[in-house]
Ligand SMILES: N[C@@H](CCC(=O)N[C@@H](CS)C(=O)NCC(=O)O)C(=O)O
């Protein structure tokens, strides 16, 4: 059986929750309280030493990296297929998977972190010591805070991302090809936070967010919790692959 370790219906975790609901897959639910830094507790670090969610486990395999995990799920459980109907759509799905990782999520984390303005308490800081050096260094940087210029640059990058989302939605109303796909699933939870961070999005993007939010799998994945109100991506997600 699938087991999912996640932080609730926001950020990367939301993408996997949506995909599992879309494919009607049952799973053992391990929800972690990210605000309490449960992702840095020894029992979870035994699952993912990087101290990040989501993590999907199945048949002795431990999968991290959300976009790759989405691709895995789509190949293993092809009904309904979400990877793109033709080479062009599949290319676009992959493009969005990378763009979320290299541009959208890291900049969102900076803006969110700057707005949150809360310093983790001593107990949380103790957890940082258990992280691998590169993750510890990122946290140290976040605790120092980001400069006004860095936050401004992150906001500008997100505004550009909103425009790029609008561009790809223009022809079919979906990000890749003429239907709902992994591209929509990987981008949606992040783009859904833009408004809460004071970023205005083009009307096409607002309309797409509304349509995606109404899908039954998305409603099922989000449960009672609204995405915007949900705890946002935690952590200084800079220095990703890509
Ligand atoms: N590259 C990872 C990023 C995952 C990620 O950023 N997870 C965030 C929540 S959305 C997290 O666990 N942050 C907690 C931390 O870094 O301590 C993926 O694609 O899954």
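Where a number appears in this text, it was derived from the coordinates with a stated rule and is not lab data. Being a predicted model, the structure only gives us computed values, none of them experimental. Please note: Cβ atoms are built from the backbone with ideal geometry, for glycine as well, and neighbour counts cover all protein chains shown.
Computed packing ranks the peptides 99-107, 21-29 as 99-107, 21-29, most packed first, by mean other Cβ atoms within 10 Å. Once the Kirkwood radius over Cα pairs is known for the chain, the Stokes-Einstein relation at 10 °C and 1.306 mPa s delivers a diffusion coefficient of 87 µm²/s.
Based on DSSP H segments of at least four residues, each scored -39500 (n - 2.57), the chain has a per-residue ellipticity at 222 nm of -15500 deg cm²/dmol. Estimated at 0.36 nm per residue, the fully extended path between residue 45 and residue 172 surpasses their Cα-Cα distance by 41.5 nm.
A full extension of the chain between residue 116 and residue 134 corresponds to an added length of 4.2 nm, given 0.36 nm per residue minus the alpha carbon distance. Beta bridges per DSSP, both residues in the chain: antiparallel share near 55 percent.
The distance between label points at residue 149 and residue 204 comes to 3.4 nm (points 7 Å beyond Cα on the Cα→Cβ vector). Determine the shape class of segment 2-76: with a ≥ b ≥ c the square roots of the Cα gyration tensor eigenvalues, call it rounded for a/c under 1.5, and otherwise prolate if a/b is greater than b/c, oblate otherwise. Verdict is prolate for segment 2-76.
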